[in-house]
1. Tell me, yes or no, whether the stretch 74-92 has at least one residue that is touching a helix residue (DSSP H, G or I) at 6+ places or on another chain (Cβ under 6 Å), under 30 Å from GLN13 (Cα atoms) and not aliphatic (A, V, I, L, M).
2. Within the stretch 206-217, is even one residue outside any loop (DSSP other than H, G, I, E, B), under 21 Å from GLU98 (Cβ atoms), over 16 Å from the mean Cα position of the chain (by Cα) and in contact (Cβ under 8 Å) with a residue 40 or more places away in the chain?
3. Does the stretch 50-57 contain at least one residue that is of a type outside the set (A, V, I, L, M, F, W, C) and either at pLDDT 95 or above or part of a helix (DSSP H, G or I) (or both)?
4. Quick one: in the stretch 171-205, of everything that is assigned to a loop (DSSP other than H, G, I, E, B) and of a type in the set (Ser, Thr, Tyr), which residue is nearest to the chain's Cα centre (by Cα)?
5. Mind checking which residues of the stretch 83-116 are touching a Leu at 6+ places or on another chain (Cβ under 6 Å) and hydroxyl-bearing (Ser, Thr, Tyr)?
6. List the residue pairs whose Cβ atoms are under 6 Å apart, where the first residue sits in the stretch 154-170 and is in a loop (DSSP other than H, G, I, E, B), the second is at pLDDT below 95, and the two are 6 or more positions apart or on different chains.
7. In contact (Cβ under 8 Å) with a residue 40 or more places away in the chain and within 18 Å of the chain's Cα centre (by Cα): does that describe PHE75?
Amino acid sequence: MTILTAEEYQEGQILYFNKPLGFTSFKLVNDARFALCRGLKIKKLKVGHAGTLDPLATGVMIVCTGRATKRIEEFQYQTKEYIATMELGATTPSFDMEKEIDFTYDYSHVTKELVEDCLKKFVGTIEQIPPVFSACKIQGRRAYEMARTGEEVQLKAKTLIIDEIELLDYKEGTETQRPSVSIRVVCSKGTYIRALARDIGQALNCGAYLTALQRTRVGDITLDNCLDIIEFKNHLIQHSYETVEI
């Protein structure tokens, strides 16, 4: 791992990280900024990310430093690819595992063929209502902040593009286990995969929620191009010849 100079990071660098499970996007950016400032003995460094990932999601996150933060919008508009796993036959208020299951549904009619036919309906230009537990703003306030205080949240549908949906795996339901589906999704900026899981569940008439999500690509950047944030921090510590734990 090559460590550049403080001046090079301030001039502008683009870093690619594989966001760990449980990290917020803010934490990853904050950790990268703190490690760079500490390791390179910089008092201040502008750092930002080009596309939020939920804490329960992992995968490619682009982080820009210094003057390269002006390119954030450019990266946000690049096509993204995800691998998503959904459980059918139940829903949660957050459309993922952040919240407990609120309703369960009959899934005896669901088959692999039905799922494959259903997925085809979501390819192309679609309208999607974002999740209420999202970073969308309503009169300057984040939707998730309002939802967590019990306030009513009404979000408008957004137009987006799904380029591809591929069924990777289908596990049939049993008497004790609900069916699950893994899909690969290639989509445009602004797509909420949690909301896609919700909509697929509604189309199948059995409900669905997200159990795992990994962003595998942003533009041409794949997981193979990404750094591990922990290794990045540790390398900077060694570089600075300090033993203080970051």
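The values are calculated or read from the model by the stated rules, or taken from the named source; none is laboratory data. All values derive from a computational prediction rather than experimental measurement. Neighbour counts run over all protein chains shown; Cβ positions are idealised from the backbone, glycine included.
1. The answer is yes; a qualifying residue exists.
2. yes
3. The answer is no; no qualifying residue exists.
4. The extreme case among them is TYR192.
5. Passing the criteria: only TYR107.
6. From the stretch 154-170, the pairs are LEU155/ILE129; LEU155/PRO130; LEU155/CYS136; ALA157/GLU127; ALA157/ILE129.
7. Yes; evaluated as a whole, the condition is true for this residue.
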